[in-house]
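Following: one structure in structure tokens, then a few remarks.
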Amino acid sequence: MEKFRFLTSGESHGKCLTAIIEGVPSGLEIDIDFINSELHRRQQGYGRGDRMKLESDTVEITSGVRFGKTIGSPITLSVKNRDFENWQKVMSVSPSDQTDDKAFSVYRPGHADYAGSIKYNQQDLRNILERSSARKTAIEVAVGAVAKLILKQIGITGSSEVTQIGAACCPDKFHQEIDLTREKGDSIGGKFVVIYKNIPVGLGSHVHWDRGIDGRLAQAVMSIPAIKAVEIGDNPLGFCGSEYHDEFEIKDGEICRTSNHAGGIEGGMTNGQDLVISAVMKPIPTMMKSLESIDLKTNQKAQAHYERSDVCAVESCAVVAEARVAWVIANEILLKYGSDSIEELKSRVL
Ligand SMILES: Cc1cc2nc3c(=O)[nH]c(=O)nc-3n(C[C@H](O)[C@H](O)[C@H](O)COP(=O)(O)O)c2cc1C
């Protein structure tokens, strides 16, 4: 069941990235500066590559908004790829521009190249790279910003924090860890946490497997490129039951809990505590120190293709995860309380 629905399109070096969102209530003020500031946050972070210096993402809205407010119709967002001017011929839609410039045929380990080229019967691995690249997360962050604007109307706010880079668990050591990795021509991953506050009780459901909000959140975060593990609340390994489960108490006449190990979800439903989701990002697969691979044209050993790349993108990835969590919460809010106008939604929630 989806109320907040969208599709995105666009290649990494194509003209632009686009999203069409459906289900946003009418009357929602669209703060473009806020959307752009979220796009900016995604581009920051220690360890990003040179491309981030080239791109300064901004959103353009071409439907669904009039005089600053949504009107209930589908919203179209687009983000230009500023590097496109250097790639116009290579990414042309016209058959007359056919070129082998920027084509490559050596599979990059850790990327979609090998499986994607077999699945889509492609000999030029650029045809797989262009859409599997994490560049598409820019438009996802713009969609997430719209979801955040809905949530803000009912007092729900989110944030994220990097909790580990490689083996370092203390923020003071993060930059050093990334610098050492860069010097070695290598790459590094890490872990982050996303927290959303002021969540109503009862988003999601226990009645069917596919309605649990924990499952929906896990899918949304796990499918971010390079995410390899998702946890809701505290990892329960090493706790015994009496330590892990969050006991009830009454404080100032209200039912509350003595802890939040469950991360705000029990039985597939939000329980009113903060939503806490952590995720682990693998080391970036494209490295200066390139990996052993095979050239699909010759079936011979070759060094993996290198293209301008991040050394570490955990901070940006956390911003992408914030956006994805915002979609899931916004969808559940609209399912539970209705989605026609923002005034109606507010009167039902608050
Ligand atoms: C924000 C962000 C930035 C990324 N930057 C790069 C990059 O510069 N180079 C790279 O090889 N992979 C990068 N990745 C990771 C790859 O996109 C990802 O590992 C690859 O598409 C394979 O998908 P999988 O790891 O989910 O299997 C990035 C991921 C995210 C979320």
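A few remarks follow.
- The listed residues are K69, K80, and the only one of them that is in contact with a Cys (Cβ under 7 Å, 6 or more places away or on another chain), closer than 27 Å to A145 by Cα and more than 16 Å from the ligand (Cβ to nearest atom) turns out to be K80.
- Residues in region 223-243 that are surrounded by 15 or more Cβ atoms within 10 Å (Cβ to Cβ) and either in contact with a Leu (Cβ under 9 Å, 6 or more places away or on another chain) or not β-branched (V, I, T) (or both): P225, A226, V230, E231, I232, G233, D234, P236.
- Selection from region 90-144 of residues that are touching a helix residue (DSSP H, G or I) at 6+ places or on another chain (Cβ under 8 Å) and exposed (fewer than 12 other Cβ atoms within 10 Å of the Cβ): Y120, Q123
- Scanning region 167-207 for residues that are touching a Phe, Trp or Tyr at 6+ places or on another chain (Cβ under 9 Å) and not in a helix (DSSP H, G or I) yields A168, G190, P200.
- Count of region 266-289 residues which are farther than 20 Å from E322 by Cα and more than 11 Å from the ligand (Cβ to nearest atom): 4
- Residue pairs meeting the criteria (Cβ under 7 Å; at least 6 apart or on separate chains; first in contact (Cβ under 8 Å) with a residue 40 or more places away in the chain, in region 314-327; second near the ligand (Cβ under 8 Å from one of its atoms) and in a helix (DSSP H, G or I)): S316/R42; V319/R42; V320/R42; V320/T137
- Taken over region 53-81, the residue count meeting the criterion of being over 23 Å from S12 (Cα atoms) and outside any strand (DSSP E or B) is 7.
- Count of region 1-31 residues which are under 28 Å from G212 (Cα atoms), of a type outside the set (A, V, I, L, M, F, W, C) and surrounded by 21 or more Cβ atoms within 10 Å (Cβ to Cβ): 1
- Residue check for G158: of a type in the set (G, A, S), within 21 Å of G272 (Cα to Cα) and touching a helix residue (DSSP H, G or I) at 6+ places or on another chain (Cβ under 7 Å): yes
- Scanning region 209-259 for residues that are under 30 Å from G189 (Cβ atoms) and assigned to a strand (DSSP E or B) yields I227, K228, A229, V230, E231, I232.
- Tabulated pairs, region 58-82, first of a type in the set (A, V, I, L, M), second surrounded by 16 or more Cβ atoms within 10 Å (Cβ to Cβ) and assigned to a loop (DSSP other than H, G, I, E, B), C-beta under 6 angstrom, 6+ apart or interchain: V65/I30; I75/V24; I75/G64; V79/D57
No value in this document is a laboratory result; all are computed from the given coordinates. For clarity, every value in this text was computed on a predicted model and none was experimentally measured. Backbone-built Cβ (ideal geometry, glycine too); neighbour counts: all protein chains shown.
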